[in-house]
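A.B. asks: Quick one: this structure, given as structure tokens, is what I'll be asking you about.
The values are calculated or read from the model by the stated rules, or taken from the named source; none is laboratory data. Remember, predicted model here, so these are calculated numbers, not experimental data. Note that we place each Cβ from the backbone using ideal geometry, even for glycine, and neighbour counts take in every protein chain shown.
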Amino acid sequence: MVITQNLLKLNFYGIQALFFGKSLSLEIAAKEAYMTAIFPPSAPQRSGWQTVLVLVLAFWFSGSLLLDALVMPTLHAAGMMTAPGFAAAGYSLFWLFNRIELLCAAIALTCVLVLRYTRHPWQRPGQLTVLLAVLLVAIAAIDTYALTPSMSALGLQLNWFTTQSTPTAMNVLHLSYWILDLIKLGTAALLLWFYNRHANPVSQV
């Protein structure tokens, strides 16, 4: 219906330009009517994939922030992290959380790929969004299959031997985990800001 109206408008301007002289304003109006007929304007709206992406990123970001800023400091202040059975309980907690992270990362990457490669080139997000989503998947995989098992195994060994000082390997693992977690939070926040700010994001970055 919109295209038909725009084509009628185009014919009207063309007839005016034909019978009353090809003035510059009529030519411009005819060109504008032609472009509008071919590419009718549409109001920007949030797609279902974008809504899912924003919800998943918000859930993942808030869950990670809650675990890092509230749960772990509370356990440390209560002295539970030095308890003999904390390594096994901590591994169970992080095993479940890391699997949820992998699921969130996979959903986020799927949504980003769909939003980029199923849209018109003029309306698709830039390649940076895909790289950020891949980075989130990589961080979740490293935490799940490398850092968490290594820290848990080392913690179980420390329960058998009553050492007073924390081994250097454990400090390195904790430092690596916190660095990756900060990168993860920053990446998720950047994607969340980008897709939540723009209902129809356009970028060629």
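A.B. asks: Which one of these is touching a Pro at 6+ places or on another chain (Cβ under 9 Å), assigned to a helix (DSSP H, G or I), touching a residue at least 12 places away in the same chain (Cβ under 8 Å) and hydrophobic (A, V, I, L, M, F, W, C): Val137, Val130, Val112?
C.D. replies: Of Val137, Val130, Val112, the one residue that is touching a Pro at 6+ places or on another chain (Cβ under 9 Å), assigned to a helix (DSSP H, G or I), touching a residue at least 12 places away in the same chain (Cβ under 8 Å) and hydrophobic (A, V, I, L, M, F, W, C) is Val112.
A.B. asks: Let me ask you something else. Before we move on, is Ser176 buried (at least 16 other Cβ atoms within 10 Å of the Cβ), in the same structural domain as Phe97 (by TED's automatic domain parsing) and at pLDDT 90 or above?
C.D. replies: Against the criterion (buried (at least 16 other Cβ atoms within 10 Å of the Cβ), in the same structural domain as Phe97 (by TED's automatic domain parsing) and at pLDDT 90 or above), Ser176 qualifies.
A.B. asks: Still on this model: Quick check on my filter: what residues within the stretch 124-154 are at pLDDT below 90 and surrounded by fewer than 14 Cβ atoms within 10 Å (Cβ to Cβ)?
C.D. replies: Result: Gln127, Ala153.
A.B. asks: Among (1) in a helix (DSSP H, G or I); (2) under 21 Å from Arg197 (Cα atoms), which single condition is Arg119 missing?
C.D. replies: It fails just one condition, (1).
A.B. asks: Pairs only if they're at least six apart or on different chains, beta carbon under 6 angstrom, first in the stretch 56-79 and without any contact (Cβ under 8 Å) to a residue 40 or more places away in the chain, second assigned to a helix (DSSP H, G or I); list them, first residue then second.
C.D. replies: The qualifying pairs are Leu75/Met81.
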